[in-house]
Amino acid sequence: MQTHLKSIPPTQPQLALRHQALKWLAIVAVAFGLVTVVSGGRALFGSQEMRTAVGHAVPFVLWFNFLSGFVYILAGGGLLARRTWAVYASLFIAASTLLVFGAFGVHVLGGGAYELRTVGAMTLRSLFWIAVAMVAFRKLPPPAPGPEV
């Protein structure tokens, strides 16, 4: 005997909880982007004292983090608006951060000067954007199929 079970749609509180997790991650992403742009801007364009305080910052990592801050803001805004493209932006940020982190590792292993706080910052950025991409993929619906060609 075969039974046909209907899938039960999520209740309003369950949907609200889903939206809340993504909403808070998106807000944190925008805030993270703003902080990244400001701190990176100070390190790159600030006074001589500010640039000296950065220590042995690796230039390509510093530039990547500064520029990615703008993408964080864009992706966070897209996630708040529940745009599917923001899921892919989050995945792009996670992947590119991991690539730059790998290049940073090569720089360090090659004997290049660096700051230990860069290791912590890149670890935090990588883990945060991996988590955002994973949650966004689970919470946002896939794009509607386009016309068949």
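For the reader, a short list of remarks on this structure follows.
- Gain upon complete extension [Leu98, Arg138; 0.36 nm per residue less C-alpha separation]: 12.3 nm
- Distance between the modelled labels on Trp63 and Lys23, one decimal in nanometres: 4.0 nm (7 Å Cα→Cβ projection).
- A simple spin-label model places the labels of Val119 and Val106 2.0 nm from each other, with each point 7 Å out along Cα-to-Cβ.
- Simple spin-label estimate for Leu127 and Arg51 in nanometres, 7 Å along Cα-Cβ: 3.3 nm
- Using C-alpha pairs under 8 Å with a sequence gap of at least 6, the mean separation divided by the residue count of segment 28-149 gives a relative contact order of 28 percent.
- Solvent-accessible area of segment 33-111 (1.4 angstrom probe, protein heavy atoms only): carbon and sulfur portion equals 74 percent.
- P(r) tail fraction, segment 60-149 - alpha-carbon pairs more than 19 Å apart, %: 45 percent
The values are calculated or read from the model by the stated rules, or taken from the named source; none is laboratory data. Note that this is a predicted model, so its numbers are computed, not measured. Note that we place each Cβ from the backbone using ideal geometry, even for glycine, and neighbour counts take in every protein chain shown. In case anyone asks, the SASA skips ligands and DNA or RNA and just uses the protein heavy atoms, side chains included. Shrake-Rupley method; radii C 1.70, N 1.55, O 1.52, S 1.80 Å.
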